[in-house]
Amino acid sequence: MTKLVKSYILIIVGLIFLFYLIFHFRKGTDDVPKEKEALDLSTTYNSLVWSDEFDGEGSINREKWFHQTKLPPGGSWWGGLIQHYTDKVTNSYVKNGYLNLVAKKETYDDQGEIKQYTAARLNSKFAFTYGRIEIRAKLPAGIGTWPAIWMLNKNIDEDGAYWDNLGFGTTKWPSCGEIDILEHWGKNQDYISSALHNASSYGYKVKNVGGQKIKDASTKFHIYSLEWSEEKMIFSIDGIEHFRYQPAVKNSETWPYDSDYYLLLNIAIEPDIDPNFIESPMVVDYIRIYQ
């Protein structure tokens, strides 16, 4: 082989190696922001500060949860709901490592009111400001069922609520603020909604709302998440974001979300409940809060 041919071969090999380095370097730099973004999202809050894994059998952990059963003035829960919330073990219990909140068709007489449906409404005895909440759950089914996992400011003035009973209730709804991590209506099966209620957006006129359609909300477990910081709130299911709240102006009307909130879990029954409905559970594998 002549020296000239050897020189050409060396030049070609050198060019190939140079192109490889350029391509590899560009690919690496393109990947860095994506990896960094994913890292930031997963480690903003990574210290577990409270959880319930629902181990054991039987009654719920009374050191972590409070049954809210007191009816509002008028004898029914707001919005024309037709259930009693009870502290009966048939409406809320732990079995095989899962929390079961069960809505049932049954006649129940309580507080001078007879209703044809029962369910459970739990308040957490833990409240916090900012963090990441993860709930792995599957939801009840049936037209007229309305399960929710949500949060209220512990300053809410609401007779019968856990924190109000302890003397924290100073502020009426909606000014206190409400954070709906998930709501699901049986008449719109598999659509999950998240919303923020406050003095600027509340009730049937709520405008801070988003959601997504998922598969098998009532037959398979999904992970429902909220990341709540001083700047914004991000709601997601199985890692897929569907709503972000980040108001340009933060004041008492748009952002009462700078103090302690507690968790609520419940299943409400609407007046249009399927007449053939008997019972259906919300099953929760775990709830974890990170800061």
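The values are calculated or read from the model by the stated rules, or taken from the named source; none is laboratory data. As the structure is a computational prediction, the values presented were derived from the model and not from experiment. In this analysis, Cβ positions are derived from the backbone assuming ideal geometry, glycine residues included, and neighbour counts consider all displayed protein chains. All accessible areas refer to the heavy atoms of the entire protein, side chains included, with ligands and DNA or RNA removed. Shrake-Rupley method; radii C 1.70, N 1.55, O 1.52, S 1.80 Å.
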Selected residue (criterion: nearest to Tyr191 (Cα to Cα)) from residues of the stretch 209-224 that are open to solvent by 20 Å² or more (accessible area, probe 1.4 Å) and of a type in the set (Gly, Ala, Ser) = Gly211
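Kindly establish whether Trp173 is over 12 Å from the mean Cα position of the chain (by Cα), among the aromatic types (Phe, Trp, Tyr) and farther than 25 Å from Lys154 by Cβ. Give the steps one after another, and end with the answer.
On the way: over 12 Å from the mean Cα position of the chain (by Cα): yes; among the aromatic types (Phe, Trp, Tyr): yes; farther than 25 Å from Lys154 by Cβ: no.
No, not satisfied.
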ask   = Which strands (runs of 3 or more DSSP E) does the stretch 88-152 wholly contain that include 2 or more residues that are among the hydrophobic types (A, V, I, L, M, F, W, C)?
value = 98-110, 113-119, 121-128, 131-138
ask   = Taking the stretch 109-134 as the search range and keeping residues that are surrounded by 17 or more Cβ atoms within 10 Å (Cβ to Cβ) and free of Cβ contacts under 8 Å to residues at least 40 places away in the same chain, which one is nearest to the chain's Cα centre (by Cα)?
value = Thr118
request  = Give Lys95, Lys70 a once-over and let me know the one that is open to solvent by 20 Å² or more (accessible area, probe 1.4 Å) and either more than 23 Å from the chain's Cα centre (by Cα) or among the aliphatic types (A, V, I, L, M) (or both).
outcome  = Lys70
query = For Ile237, all conditions in the list (1) more than 13 Å from the chain's Cα centre (by Cα); (2) open to solvent by less than 30 Å² (accessible area, probe 1.4 Å); (3) more than 24 Å from Ile156 (Cα to Cα) hold save one; what is the number of the exception?
reply = (1)
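In the stretch 192-216, which residue that is more than 19 Å from Ile234 (Cβ to Cβ) and hydroxyl-bearing (Ser, Thr, Tyr) is modelled with the lowest pLDDT? Even if it seems obvious, please write down each step before you answer.
The initial filter retains those residues of the stretch 192-216 that are more than 19 Å from Ile234 (Cβ to Cβ), namely 199-200, 202-205, 215-216.
Still in the running and hydroxyl-bearing (Ser, Thr, Tyr): 200, 202, 204.
Details: Ser200: 95, Tyr202: 93, Tyr204: 82.
By that ranking, first place goes to Tyr204.
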ask   = Looking at Lys88, Lys104, Lys70, which is the one that is of a type in the set (D, E, K, R) and in contact with a Ser or Thr (Cβ under 6 Å, 6 or more places away or on another chain)?
value = Lys104
message = Can you tell me which condition Glu230 does not meet? The list is (1) closer than 25 Å to Gln83 by Cα; (2) assigned to a loop (DSSP other than H, G, I, E, B); (3) in contact (Cβ under 8 Å) with a residue 40 or more places away in the chain, and all the others hold.
response = (1)
ask   = What number of residues within the stretch 186-208 satisfy the criterion of being buried (at least 16 other Cβ atoms within 10 Å of the Cβ), out of contact with any Asp or Glu (no Cβ under 8 Å at 6 or more places or on another chain) and not hydroxyl-bearing (Ser, Thr, Tyr)?
value = 3
query = Since Gly167 meets every condition but one in (1) surrounded by fewer than 18 Cβ atoms within 10 Å (Cβ to Cβ); (2) touching a residue at least 12 places away in the same chain (Cβ under 8 Å); (3) not in a strand (DSSP E or B), which condition does it not meet?
reply = (2)
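Under the condition of being among the hydrophobic types (A, V, I, L, M, F, W, C) and exposed (fewer than 15 other Cβ atoms within 10 Å of the Cβ), which residue from the stretch 240-291 is nearest to Asn153 (Cα to Cα)? Working first, answer last.
The initial filter retains those residues of the stretch 240-291 that are among the hydrophobic types (A, V, I, L, M, F, W, C), namely 240, 243, 248-249, 255, 263-265, 267-269, 273, 277-278, 282-284, 287, 289.
Narrowing the set further to residues that are exposed (fewer than 15 other Cβ atoms within 10 Å of the Cβ) leaves 240, 248-249, 278.
Details: Ile240: 26, Ala248: 22, Val249: 20, Ile278: 33 Å.
The extreme case among them is Val249.
Looking at Ser236, Ser200, Ser193, Ser229, which is the one that is in contact with a Gly (Cβ under 6 Å, 6 or more places away or on another chain) and within 22 Å of Tyr262 (Cα to Cα)?
Details: Ser236 fails: in contact with a Gly (Cβ under 6 Å, 6 or more places away or on another chain); Ser200 fails: in contact with a Gly (Cβ under 6 Å, 6 or more places away or on another chain); Ser229 fails: in contact with a Gly (Cβ under 6 Å, 6 or more places away or on another chain).
Criteria check complete, one pass: Ser193.
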task = May I ask you to list the residues in the stretch 201-215 that are assigned to a loop (DSSP other than H, G, I, E, B) and either within 16 Å of the chain's Cα centre (by Cα) or in contact (Cβ under 8 Å) with a residue 60 or more places away in the chain (or both)?
result = Asn208, Ile214
task = Examine the stretch 192-200 for a residue that is assigned to a loop (DSSP other than H, G, I, E, B), farther than 18 Å from Ala127 by Cα and among the polar types (S, T, N, Q), and state whether such a residue exists.
result = yes
